[in-house]
Each structure stands twice: as C-alpha cells, then as structure tokens.
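S.K.: Handing you a structure now.
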Amino acid sequence: MAKEIKTSYMSGLPIVGAAPDLSALAALPGLRALSLANNNLTGAFPDVSMLPALKMLYLSRNKLAGGVPPAAFAHMRGLRKLFLSDNAFTGPIPSSITSPRLLVLQLSKNRFDGALPDFVQPNLHLVDFSDNNLSGPIPAGLRRFDAKAFQAV
C-alpha cells in the first residue's frame, strides 16, 4: 500500500514570482495541509478549488494581491486553519469561508474592504482581521473576540 502525501510545506523557501499553478496537487487526494507562507509569491490568489480535502492553508507573508474569488473555499468543508495575512488582498472577505470546522482565521495586514461576514462556527477560537479596510458593525458571531482582532492601524 502506497503512502499518501498529507502535507506540503514549502514555507520560507526562496520561491519568487507568480503563485504556482496548484492543479497538479489535485492528484494528491490525501493532501490536508499546504503551506506556501514566507516566500515572495506575487500575483493573484492561487486556485485552490481542486483541493477540497485541505484542512490547513498557509499563504501568509507573501506579496499576493487582488481579490480572493468569492467561491474559493466553497468545497473546503473540513477547513480548520486559514492564514492569508501579510499580503495585499483586496475586495470583500470571501463569503465561502464557511467550514463548520474552522478554528483559526488570520486575514490581517491586507486590504480587504466592506463588511465582515458573520462567522458562526462554534469552535472558532482565533480570528484576526486587523489592518484591513473593513467597515460596518462587528457581526454577532464575532463579538466574543477581542477588539484588537478588528483594529485598523
């Protein structure tokens, strides 16, 4: 029986340039964690739609920019940790971040704008939306978190 690849950590490597095409990773149905954090990736948010089994996605501390597609996370029903901090993402926070198993959501230091979606996941215990261009009231599902998680600098 062949072993499945469950994690792919490519953090802190000298990866420079456009975010890679992740379609080849679709051949790894057991892939649960993907990290491309701490590189110098540029360009648009990579298409992760073909990776529905991911539980952890780390794209923080790159130079990715532009909008995150609204349905980017629609098929990730088991997503537990999402790290998109320290990029230049713009537009609204994707409404598809709805995994009932979500525990950690780090979206700080981007340029997201508009209203915050309501995150009502019962096990969500860490959020950070700070240093964005968000507006409007804090939704009811997020009011249990410290005000620092929402501050703009």
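S.K.: Rank these for me by crowding, Leu107, Leu57, Leu25, going from fewest to most other beta carbons within 10 Å. Can you show the working numbers first?
M.R.: Working: Leu107 26, Leu57 23, Leu25 18.
Result, fewest neighbours first: Leu25, Leu57, Leu107.
S.K.: What spacing in nm lies between the two simple spin-label points modelled at Val16 and Ala65, each 7 Å away from Cα in the Cβ direction?
M.R.: 1.7
S.K.: Okay, moving on. Can you grab the distance from the C-alpha centre of region 16-30 to the C-alpha centre of region 59-115, Å, no decimals?
M.R.: About 18 Å separates the Cα centre of region 16-30 from the one of region 59-115.
S.K.: Here's a follow-up. Among the aspartates and glutamates, which fall within straight-line cross-link reach of Lys148, defined as a Cα-Cα distance under 13 Å, with same-chain neighbours fewer than 8 residues apart omitted?
M.R.: Excluding near neighbours in sequence, the set is Asp128, Asp131.
S.K.: Could you pull out every residue, at least 5 positions away or on a different chain, whose amide H is within less than 5 Å of the one on Ile93? Hs are placed 1.01 Å off N in the peptide plane, and Pro or chain starts have none.
M.R.: Correct list: Asp113.
We did not get these values from a lab; they are worked out from the coordinates using the rules stated. In this text, all values refer to a predicted model and were calculated from it rather than measured experimentally. Glycine also receives a Cβ, built like all others from the backbone with ideal geometry; neighbour counts cover every protein chain displayed.
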